[in-house]
Amino acid sequence: MANNINKIDELFANYKKAGKTAFIPFISIGDPDIETSFDIAKALISNGADMIELGYPFSDPMADGKVIQKSYERALKNRVTMADAFNFVARLREISEIPVIFFTYYNPIFAYRTSEFADSASAAGIDGVLVVDLPPEESFELKQFIDKKNIDQIFLLAPTSDVSRIKLITSYAKGFVYYVSVTGVTGARRSLPAEMRSKVEEIKNIKDIPVGIGFGISSPEQAEEIKNYADAIIIGSKIIQFIENNLNDKKNIIKSISEFSCGIKSSLM
Amino acid sequence: MKYPDSRGHFGEYGGRYISETLMPAILELEEFYKKIKNNKEFKDELRSYLKNYAGRPTPLYYASRLSKLYSSNIYLKREDLNHTGSHKLNNTLGQALLAVKMGKKRIIAETGAGQHGVATATVCALFDIECEVFMGIKDIERQKQNVLRMEVLGAKVTPVSAGSSTLKDAMNEAIRDWITNVRTTYYMIGTAAGMHPYPEIVRDFQSVIGKEVLKELKQIDKFPDILIACIGGGSNAIGLFHPFLKYKEVKMYGVEAGGFGLGTGKHAASISGGKPGVLHGNKTYLLQDEDGRIKEAHSIAAGLDYPGVGPEHSFYADKKRIIYDTITDKEAIEAFKLLCRLEGIIPAIESSHAVAYLDKIKNEIKGKTVIVNLSGRGDKDMETIAGYISENKITK
Ligand SMILES: Cc1ncc(COP(=O)(O)O)c(C=O)c1O
């Protein structure tokens, strides 16, 4: 197992050759309920997602804006557990080989026991883990276990990151670096900072590593612009808004998210 | 070994569990504080504000009637007499001076009881800095007076309705604001918790309490056997305890909020009734469920109503250097009444938890010299007290 190439690394290697930018949608496991979130994941996969990022709901999501906070609250009402999350990924694995990134805060992982988390995550088929509140300085306690399982630990870089932070983080990063487009929490934004492009170039000058951009992206037009310099775009809040807006109409959730996903995918072609 | 270590850890606790956006600001603060903390000019300036503005040193008062009741020598460290009515100003004066020297133009803070909010609004007025305080709507309701105080001092009070609408949620919202405005804004944490270097900074500024007690006791040729303080995030407690840690013979009790009782699950006793985890940037004891979600705390004292505790306390709890125990809402109210009637001092409900502990260890304190940290005054709590008394049909 440990010698297999990681699916995330493999995808970026292929996309680099083909000059393509990957689309990574984000959803929360259990929002609006587990079965519907599973159907959303399936719909995203059949409508253009290249990887999928699954949020595991936490009670105190300090880096998240209103939309994802509410999404986590809905999921928490459904009492989603870590076992449910692993089961979710294992079921996805039965129908798709898409790379899966698990996104959460550290406490749920710590409460599960970090070493057991690594075992179960690997068994379920998780390819990457992004823990928002685990900067490189505190990352070893997770890294020591997931490295052995060939799971990529994804790190964030931000507009506030200077050269020394970029050097440090790219030296730790596996899979890709997740560049947070704005100084702020998650949430769809109409306009994005102009410095984004130069920052991505700065990162790539320091290390040749795939860079994905997330936080704030909401439209095919933005995606079309970003594809010129980034290796992936991550969209969360905008997709989750479709859930929030259609809570009593599951069909419409699936339909609107599928359409949106197709739109993003074609803007990246 | 000095704690925290160079990575901001107290043994396995503490650390910097925060999003990358904040890391540069945290590192900048750490560097800046390291440079300035032993700077004579800075220390003199802070000392001058503590003396002439805050009114320090606060008295160490021999509570004779209380002492007689328990056949011991009980001294109250009168933080209730500090300007703004609690120990919180010791920390905000220090941090505001830091923020000014760092060139920050805006200060944000979270508050529970409103005491830290008031202390923050106060120093922002003093130093002419824009101020925004995040406060849960449940706390706004039960600490109305402090909301008004913050507002007349010129601060913007932003209500937080997420989650349990108390201190932890106010802290989440402050952190979100900080992530958004980190380039211009200084985050003034109100207790010895959160991400490194805050637990260290707040402890250092609050240690003025313990240092004064040492001096005050020396003047009367006494030395304490026992120290008692209440624990919210743990800043008044660590402020009293820290200068005494090197004296092995001094016993220390940190009193957590037992709410309706540990057995009911409705309490705010993170050490006595929680387990280690990660929240608000540090690893520490937390109230949480099996899946690692944070539980709502409960205490009649808004300032203790927090599901976590500063990492240094977690560290000394495991080492058993400090003993942590709990006092219920009911016991705190009884102690509140006792201190009013015996000494003519109206304590904050938070501080009443420390006073109540005297009764819990009444056999142990006989003949001993005991220091109780009276962290704040109770004026802010009159409505809560009146409500509790009428709800529970007890006498005034
Ligand atoms: C009077 C008083 N005492 C104690 C506390 C608890 O905080 P800490 O444990 O940081 O001293 C508060 C918090 O608001 C307070 O207002």
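Here are the numbers for this structure:
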| quantity | calculated |
| --- | --- |
| Among (1) more than 16 Å from the ligand (Cβ to nearest atom); (2) assigned to a loop (DSSP other than H, G, I, E, B); (3) open to solvent by less than 10 Å² (accessible area, probe 1.4 Å), the one test that B:P57 misses | (3) |
| Only listed residue being surrounded by 24 or more Cβ atoms within 10 Å (Cβ to Cβ), charged (D, E, K, R), out of contact with any helix residue (DSSP H, G or I) (no Cβ under 6 Å at 6 or more places or on another chain) and closer than 30 Å to A:D64 by Cβ, chosen from B:K283, B:K266 | B:K283 |
| Candidate set from segment B:254-265 (those that are assigned to a strand (DSSP E or B) and more than 14 Å from the ligand (Cβ to nearest atom)); member that is nearest to the other protein chains (Cβ to nearest Cβ) | B:G259 |
| Residue check, A:E141 in contact with a Ser or Thr (Cβ under 7 Å, 6 or more places away or on another chain), at pLDDT 95 or above and surrounded by fewer than 19 Cβ atoms within 10 Å (Cβ to Cβ) | yes |
| Answer from B:K295, B:K251 - the residue that is more than 14 Å from chain A (Cβ to nearest Cβ) and in contact with a strand residue (DSSP E or B) (Cβ under 8 Å, 6 or more places away or on another chain) | B:K251 |
| Residue under evaluation A:P99, criteria (1) in contact with a Leu (Cβ under 6 Å, 6 or more places away or on another chain); (2) surrounded by fewer than 22 Cβ atoms within 10 Å (Cβ to Cβ); (3) not basic (K, R), criterion not met | (2) |
| Test: residue in segment B:223-236 that is of a type in the set (D, E) and in contact with a Pro (Cβ under 8 Å, 6 or more places away or on another chain) | no |
| Residue, farthest from the ligand (Cβ to nearest atom), within segment B:96-132, restricted to residues that are within 13 Å of B:T185 (Cβ to Cβ) and among the β-branched types (V, I, T) | B:I129 |
| Residues being open to solvent by 10 Å² or more (accessible area, probe 1.4 Å) and either within 19 Å of the chain's Cα centre (by Cα) or within 16 Å of the ligand (Cβ to nearest atom) (or both) - total across segment B:61-79 | 1 |
| Lone qualifier among A:R113, A:R91 - being surrounded by fewer than 19 Cβ atoms within 10 Å (Cβ to Cβ), under 26 Å from A:L247 (Cα atoms) and without any contact (Cβ under 8 Å) to a residue 60 or more places away in the chain | A:R91 |
| Filter pass, B:I36 being within 14 Å of chain A (Cβ to nearest Cβ) and modelled with pLDDT of 95 or more | no |
| Segment B:21-32, subset open to solvent by less than 10 Å² (accessible area, probe 1.4 Å) and within 7 Å of another protein chain (Cβ to nearest Cβ), residue nearest to B:R183 (Cα to Cα) | B:T21 |
| Residues that are part of a loop (DSSP other than H, G, I, E, B) and open to solvent by less than 30 Å² (accessible area, probe 1.4 Å), drawn from segment A:13-31 | A:T21, A:I29, A:G30, A:D31 |
| Segment B:293-311, residues that are open to solvent by less than 10 Å² (accessible area, probe 1.4 Å), over 21 Å from B:V147 (Cβ atoms) and either near the ligand (Cβ under 8 Å from one of its atoms) or of a type in the set (A, V, I, L, M) (or both) | B:V309, B:G310 |
| Tally of residues being open to solvent by 20 Å² or more (accessible area, probe 1.4 Å) and of a type outside the set (D, E) across segment B:113-128 | 3 |
| Flag if B:T284 is more than 16 Å from the ligand (Cβ to nearest atom) and more than 22 Å from B:T58 (Cα to Cα) | no |
| Segment A:83-107: number of residues that are within 12 Å of chain B (Cβ to nearest Cβ), within 17 Å of the chain's Cα centre (by Cα) and part of a helix (DSSP H, G or I) | 2 |
| The one condition in (1) on the phi < 0 side of the Ramachandran plot; (2) in contact (Cβ under 8 Å) with a residue 60 or more places away in the chain; (3) more than 15 Å from the ligand (Cβ to nearest atom) that B:G367 fails to fulfil | (1) |
| Residues satisfying the stated conditions in segment A:183-198, i.e. within 13 Å of another protein chain (Cβ to nearest Cβ), within 27 Å of B:N172 (Cβ to Cβ) and open to solvent by 10 Å² or more (accessible area, probe 1.4 Å) | A:T183, A:V185, A:T186, A:G187, A:R189, A:P193 |
| Candidates A:A173, A:A194 - the one that is among the aliphatic types (A, V, I, L, M) and either under 18 Å from the mean Cα position of the chain (by Cα) or at pLDDT 95 or above (or both) | A:A173 |
| Inter-residue pairs, beta-carbon under 8 Å, first more than 15 Å from B:I209 (Cα to Cα) and in segment B:48-75, second among the hydroxyl-bearing types (S, T, Y) and not in a loop (DSSP other than H, G, I, E, B), 6+ apart | B:Y62/B:Y75; B:A63/B:Y75; B:S72/B:T369; B:N73/B:Y62; B:N73/B:S67; B:N73/B:T369; B:I74/B:Y62; B:I74/B:S67 |
| Residue tally, condition within 8 Å of another protein chain (Cβ to nearest Cβ) and within 22 Å of A:E116 (Cβ to Cβ), over segment A:58-79 | 3 |
| Filter result (buried (at least 22 other Cβ atoms within 10 Å of the Cβ) and not small (G, A, S)) within segment B:150-172 | B:M150, B:V160, B:T166, B:L167, B:K168, B:D169, B:M171, B:N172 |
| Any hit, segment B:137-159, residues being within 14 Å of another protein chain (Cβ to nearest Cβ), within 16 Å of the ligand (Cβ to nearest atom) and within 21 Å of the chain's Cα centre (by Cα) | no |
| Residue match in segment A:157-176 (condition: in a strand (DSSP E or B) and crowded, with 22+ Cβ neighbours inside 10 Å) | yes |
| Residues (open to solvent by less than 80 Å² (accessible area, probe 1.4 Å), in a loop (DSSP other than H, G, I, E, B) and of a type outside the set (D, E, K, R)) located in segment B:33-54 | B:N39 |
| Subset of segment A:97-155 [at positive phi and of a type in the set (D, E, K, R)] | A:R113 |
| Hits in segment B:322-375 - residues which are more than 24 Å from B:K396 (Cα to Cα), surrounded by fewer than 23 Cβ atoms within 10 Å (Cβ to Cβ) and within 19 Å of the chain's Cα centre (by Cα) | B:I323, B:D325 |
| Which listed residue is among the acidic types (D, E), assigned to a loop (DSSP other than H, G, I, E, B) and at pLDDT 95 or above, from A:D133, A:D119, A:D147 | A:D133 |
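The values are calculated or read from the model by the stated rules, or taken from the named source; none is laboratory data. Model, not experiment: these values are computed from the prediction. All Cβ positions, even for glycine, are placed from backbone atoms using ideal geometry, and neighbour counts span all protein chains on display. Calculation scope for accessible area: heavy atoms of the full protein, side chains included, ligands and nucleic acids excluded. Shrake-Rupley method; radii C 1.70, N 1.55, O 1.52, S 1.80 Å.
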